[in-house]
Amino acid sequence: MTNPAEAKPFSADVLANFERGNDREREVLIDLQRLGRIADFEVIGQQERFELRGKSGKVVIVGKTDATIRWKGLRVKAELKNWNPNLVARISTFGDLFQSPWTRAGAYQLLAYLLGANEEVGMMVLDRPGIPIMLPVVLDDYLDEIEEFLHRAEAAVLMKDAGELPDYHQDPTECKRCPFFGFCTPPISYKGAEVIFDETILQMLQEREEIVEAGKKFAKLDKAIKDRLRGTEMALAGEFLLTGKWGKNTTYDLPDDVKAKYKKTDDKGKFTLTITKVTDPVKIEGDTDE
Ligand code: SF4
């Protein structure tokens, strides 16, 4: 809010994804209008501006609703999103949107629209392969969440107007995905670190984190079984068929002086990437050789 020009610019790839997302959102809106003609609802408003004032009377949030739908006497504010399909695959209720920082902002956005427009019911429409998923929400069920959000938004506006900056964020994971990380150097700064905004990579890291323990368990069991059954060429074990085969393994038993003569070291021939979850350090190392 105080230094918007310092935010790290999005990469061309991310901008292209935004563009594609916007196109899809327009198409889904057109589909909704068509569907309304046969399914007894009507899209009555698009891009309606709203503003929300805090307790101080200052405007703290402004925005535009994607659509308003009239259905059986109800006015339903609809927000359309075209998020990464991996994200959408984990969502089945409006409450699920609060599970990820990438979808949480969308949930607050729709709740703010409802509060700003004084409407009770909203609908989050998430595009995905096949039929979009529709997530209804009743504002009353999330009053605490949106009031807390409004309170934080107001605190930010008041501090900005007073020319003050808040303390550094306490959660380093927030800093690591903050577009100002680098320009802003909190005490937990990772000097020289590149900040990755690619949603696909972030999602892959998240999914990887969820299966780390399962992956370790699999690797341990797989090795134990294969060590125990080394040499088994065909066997049935319960409902499992085990097949094995021998293959050639060529080794060269060279004298040390010959090995030393042909030894070559490339300082960048091997790369090790260590992935550490900042809030819960778990180190997993993987090597790749060129
Ligand atoms: S890098 Fe961290 S402390 Fe700095 S603005 Fe971003 S979230 Fe706040």
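Each value in this text was obtained by applying a stated rule to the coordinates, not by laboratory testing. Computed from a predicted structure; not experimentally measured. Positions of Cβ are backbone-derived with ideal geometry, glycine not excepted, and every protein chain shown enters the neighbour counts.
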* Could you pull out the pairs from LYS8/LYS64; LYS176/LYS264; LYS226/LYS261; LYS176/LYS217 whose alpha carbons sit more than 32 Å apart here? => LYS176/LYS264; LYS226/LYS261
* To do: Can you put VAL137, VAL157 in order of Cβ neighbours within 10 angstrom, beginning with the fewest?
  => VAL157, VAL137
* **Set of lysines with alpha-carbon distance to LYS263 below 27 Å, sequence-local pairs under 8 removed** => LYS248
* Using modelled amide H (1.01 Å from N, peptide plane; none on Pro or chain starts), what sits under 5 Å from the amide H of ARG53, excluding residues fewer than 5 places away? -> VAL60
* To do: Run down the aspartates and glutamates and flag those whose C-alpha is under 12 Å from the C-alpha of LYS270, throwing out any fewer than 8 positions away in its chain.
  => ASP287, ASP289, GLU290
* Structure fact -> Least to most buried among ILE201, ILE38, ILE61, ILE225, by other C-beta atoms within 10 Å and fewest first, runs ILE38, ILE201, ILE225, ILE61
* Structure fact -> Taking Cα atoms only, helix 199-210 is inclined relative to the longest principal axis of the chain by an angle, in degrees rounded to 10, of 60 degrees
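Quick one: order ASP127, ASP23, ASP167 by neighbouring beta-carbon count within 10 Å, fewest to most.
Placing the least packed residue first, the sequence is ASP167, ASP23, ASP127.
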* Asked: Using modelled backbone amide H atoms (1.01 Å from N, in-plane), which distant-in-sequence or interchain residues come within less than 5 Å of GLY63's amide H?
  -> PHE50
* Relative contact order %, the stretch 4-157, counting alpha carbon pairs below 8 Å whose residues are six or more apart -> 20 percent
* To do: Pop a pseudo-label 7 angstrom from the Cα along the beta-carbon direction at both ASP256 and ILE211 and give the gap in nm to one decimal.
  => 4.5 nm
* When the convex hull of its Cα atoms is projected in every direction, mean area for the stretch 4-157 (nm²) -> 10.2 nm²
* Asked: Rg and Dmax of the stretch 88-197 over Cα atoms: what are they, in angstrom?
  -> 17.1, 49
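Counting each pair of different Cα atoms once, what's the Kirkwood radius of the stretch 60-131 in Å, rounded to one decimal?
After inverting the pairwise mean of 1/r, the radius is 12.9 Å.
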* Where does the chain land on Rg/Rh, using Cα atoms and the Kirkwood Rh? -> 1.11
* Structure fact -> For the chain, longest principal axis from Cα atoms; helix 212-228 axis from its Cα atoms; angle between them, nearest 10 degrees, is 20 degrees
* Label-reachable residues, the stretch 126-169, where backbone N falls under 19 Å from a point 7 Å from ASP31's Cα toward its Cβ -> 126-136
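Charges at C-beta only: +1 for Lys and Arg, -1 for Asp and Glu. How large is the resulting dipole of the stretch 4-157 about its Cα centre, in Debye rounded to 20?
Computed charge dipole of the stretch 4-157: roughly 240 debye.
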